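Beneath this line is the structure, given in structure tokens, with notes to follow.
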Amino acid sequence: MTDIIDEEEIPKPNLLQRSGSIVQVTMLFASPIISIGCAIVVGYFAYMAANQKPPEDMFSLAVSILKSGDASPEMRSWATGVLRMQTGIPMPARFSEQ
């Protein structure tokens, strides 16, 4: 048979022990939520940085570099990068001059 234990014999947790257990449970659930939130924020900023359009003045500068006949190959390479143009792609047969 089990002995009936009086409530006076069971030690009651003090305020420090109760708050410690609450903090442990909170940390158990809060840390993954914080990690996921930070990953979402980093992904958002990486997406925005990768898909940002160049400013209009850079766009017009790149167009003028490509139109000019005396631009260096490095400048032309920079301009095609700014405009996100692909170079070196062979022309289809129907568009090439015959």
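Just so it is clear, none of the values below were taken in a lab; they were calculated from the coordinates. From a predicted model like this one, the values you see are computed outputs, not experimental measurements.
Remarks
- Extension gain, residue 72 back to residue 31 (0.36 nm per residue minus Cα-Cα distance, nm): 9.4 nm
- Multiplying the residue separation of residue 57 and residue 24 by 0.36 nm and removing their Cα-Cα distance gives an extension gain of 6.4 nm.
- Compared with the rule-of-thumb size 2.2 N^0.38 Å for a compact globular protein, the stretch 37-86 has a Cα radius of gyration ratio of 1.54.
- Net lengthening on full extension, residue 40/residue 15 (0.36 nm per residue, minus Cα-Cα): 5.3 nm
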